[in-house]
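Asks: The structure that follows is given in the form of structure tokens.
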């Protein structure tokens with residue numbers, strides 16, 4: 001009996017040591033960072049900047065792989081079905097988790113199969129007009145909208161996008177009605193705004209640098225260094241709206257020790273000076289949240305959208 005007990009103790013010790021060694025070795029091979037949108041955009045650039053710094057922090061290879069389609073659902077579906085070992089992750093806005101369930105006819109995966117690791121940055125949108133617009137302030141815009149219900153046209157980055165829902169929340173809160181015109185991203189919308197075909201637009205801060213655009217407000221609860229003279233919408237007495245929440249996600253079931261490692265890696269990268277410099281050139285500001293904080297924020301936004309989106313009567317696609 002004593003010999004059996006010693007054997008059990010020895011096996012327990014060996015398994016514990018093996019587990020610790022395995023923990024120390026993560027990551028021991030290339031990590032694939034799925035970007036569920038096309039190459040060349042702002043989120044793609046942020047993902048590649050993150051991957052470069054993560055490679056330095058971990059002394060291992062991080063590779064960004066673009067898997068675009070279905071407004072991000074293709075990439076998240078791949079993640080949901082990937083091995084839960086920490087070597088396949090997604091870098092993305094949270095839209096496929098907090099917006100798609102309300103605007104997609106069918107969801108190709110269950111959102112509980114995705115585990116948030118950390119928030120990396122917020123993609124902040126604006127209410128903006130061309131520089132020579134007669135509308136000089138958000139108060140004037142609201143006044144004009146109340147005087148002409150449904151007449152003022154604005155452009156946004158697509159039906160069900162973050163800026164579309166942000167303006168929808170403003171309409172709901174203030175009992176306004178705008179004429180919403182969807183585009184396939186800011187790249188298509190901004191030329192129409194500059195040409196005077198739109199009364200205003202809701203472009204991202206990262207999309208308007210160097211353009212003849214006046215920002216009436218940033219759709220956030222604080223000012224943005226990219227447009228320091230523009231007030232936050234909350235500073236003007238309006239209710240807060242949610243910016244684009246961008247972060248990293250893993251398949252549910254990933255071992256806790258790996259998730260803890262990934263959280264630590266994420267924090268180091270987001271707080272690194274090189275990543276902050278790269279983000280600044282892209283007119284983005286790192287905004288780290290750990291896994292618990294990020295999940296709570298996503299849950300809160302999901303609940304808000306469960307009320308807002310049906311009120312907007314959007315056609316599902």
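The values are calculated or read from the model by the stated rules, or taken from the named source; none is laboratory data. Keep in mind the model is a prediction, meaning the values are calculated, not measured. Using ideal geometry, Cβ is built from the backbone for each residue, glycine included, and neighbour counts are taken over all protein chains shown.
Asks: When you scan the range 177-274 for strands (runs of 3 or more DSSP E) that lie fully inside it, which ones turn up with 1 or more residues that are over 16 Å from residue 122 (Cβ atoms) and within 20 Å of the chain's Cα centre (by Cα)?
Replies: Answer list for the range 177-274: 179-182, 244-251.
Asks: Identify the single condition in (1) more than 19 Å from residue 138 (Cα to Cα); (2) out of contact with any helix residue (DSSP H, G or I) (no Cβ under 7 Å at 6 or more places or on another chain) that residue 263 does not satisfy, given that it satisfies every other one.
Replies: (2)
Asks: Additional query: Are any residues in the range 36-64 more than 18 Å from residue 108 (Cβ to Cβ) and not in a helix (DSSP H, G or I), and if so, which ones? I'd like the intermediate steps shown before the answer.
Replies: Of the range 36-64, the ones more than 18 Å from residue 108 (Cβ to Cβ) are 38-64.
Within the range 36-64, 38, 39, 40, 41, 59, 60, 61, 62, 63, 64 meet the criteria.
Asks: Among the residues of the range 46-62, are any in contact (Cβ under 8 Å) with a residue 24 or more places away in the chain and either closer than 21 Å to residue 103 by Cα or outside the structural domain of residue 283 (by TED's automatic domain parsing) (or both)?
Replies: There is no residue in the range 46-62 that is in contact (Cβ under 8 Å) with a residue 24 or more places away in the chain and either closer than 21 Å to residue 103 by Cα or outside the structural domain of residue 283 (by TED's automatic domain parsing) (or both).
Asks: Can you name the residue in the range 183-196 that is in contact (Cβ under 8 Å) with a residue 12 or more places away in the chain and surrounded by fewer than 15 Cβ atoms within 10 Å (Cβ to Cβ) and, of all such residues, is farthest from residue 95 (Cα to Cα)?
Replies: To start, the set of residues in the range 183-196 that are in contact (Cβ under 8 Å) with a residue 12 or more places away in the chain comprises 183-187, 189-190, 192-194, 196.
Retained after the next criterion (residues that are surrounded by fewer than 15 Cβ atoms within 10 Å (Cβ to Cβ)): 184, 187, 196.
Values: 184: 15, 187: 19, 196: 30 Å.
The qualifying residue farthest from residue 95 (Cα to Cα) is 196.
Asks: So which residues in the range 63-75 are surrounded by 18 or more Cβ atoms within 10 Å (Cβ to Cβ) and either in the same structural domain as residue 157 (by TED's automatic domain parsing) or out of contact with any strand residue (DSSP E or B) (no Cβ under 9 Å at 6 or more places or on another chain) (or both)?
Replies: Correct list: 71, 73.
Asks: When you check residue 253 against the structure, is it in contact (Cβ under 8 Å) with a residue 12 or more places away in the chain, farther than 22 Å from residue 99 by Cβ and either surrounded by 14 or more Cβ atoms within 10 Å (Cβ to Cβ) or not assigned by TED's automatic domain parsing to the domain that holds residue 25 (or both), yes or no? Before you say what the answer is, go through the steps one by one.
Replies: Values: in contact (Cβ under 8 Å) with a residue 12 or more places away in the chain: yes; farther than 22 Å from residue 99 by Cβ: yes; either surrounded by 14 or more Cβ atoms within 10 Å (Cβ to Cβ) or not assigned by TED's automatic domain parsing to the domain that holds residue 25 (or both): no.
Criteria not met by residue 253.
Asks: Hey, could you check the range 82-110 for residues that are free of Cβ contacts under 8 Å to residues at least 40 places away in the same chain and touching a helix residue (DSSP H, G or I) at 6+ places or on another chain (Cβ under 9 Å) and say which is nearest to residue 312 (Cα to Cα)? Explain how you work it out, then say what you get.
Replies: Restricting attention to the range 82-110, the residues satisfying the condition of being free of Cβ contacts under 8 Å to residues at least 40 places away in the same chain are 106-110.
With the extra rule that they be touching a helix residue (DSSP H, G or I) at 6+ places or on another chain (Cβ under 9 Å), the set shrinks to 107-110.
Values: 107: 20, 108: 23, 109: 24, 110: 24 Å.
Looking at the filtered set, the residue picked out is 107.
Asks: Now, a different point. What is the number of the single condition among (1) in contact (Cβ under 8 Å) with a residue 60 or more places away in the chain; (2) part of a helix (DSSP H, G or I); (3) surrounded by fewer than 16 Cβ atoms within 10 Å (Cβ to Cβ) that residue 277 does not meet?
Replies: The single condition residue 277 does not satisfy is (1).
Asks: Please count how many residues of the range 220-250 are within 30 Å of residue 265 (Cβ to Cβ) and either surrounded by 20 or more Cβ atoms within 10 Å (Cβ to Cβ) or touching a residue at least 60 places away in the same chain (Cβ under 8 Å) (or both).
Replies: 13
Asks: State whether the residues of the range 76-83 include one that is buried (at least 16 other Cβ atoms within 10 Å of the Cβ), within 15 Å of the chain's Cα centre (by Cα) and under 19 Å from residue 120 (Cα atoms).
Replies: So the first thing to find is which residues in the range 76-83 are buried (at least 16 other Cβ atoms within 10 Å of the Cβ), and the list is 76-80, 82.
Filter once more, keeping what is within 15 Å of the chain's Cα centre (by Cα): 76.
Remaining after also requiring under 19 Å from residue 120 (Cα atoms): 76.
For the range 76-83, residues buried (at least 16 other Cβ atoms within 10 Å of the Cβ), within 15 Å of the chain's Cα centre (by Cα) and under 19 Å from residue 120 (Cα atoms): present.
Asks: Kindly establish whether residue 225 is over 22 Å from residue 185 (Cβ atoms) and either assigned by TED's automatic domain parsing to the domain that holds residue 83 or at pLDDT 95 or above (or both). Full working, then the answer.
Replies: On the way: over 22 Å from residue 185 (Cβ atoms): yes; either assigned by TED's automatic domain parsing to the domain that holds residue 83 or at pLDDT 95 or above (or both): no.
So residue 225 fails the test.
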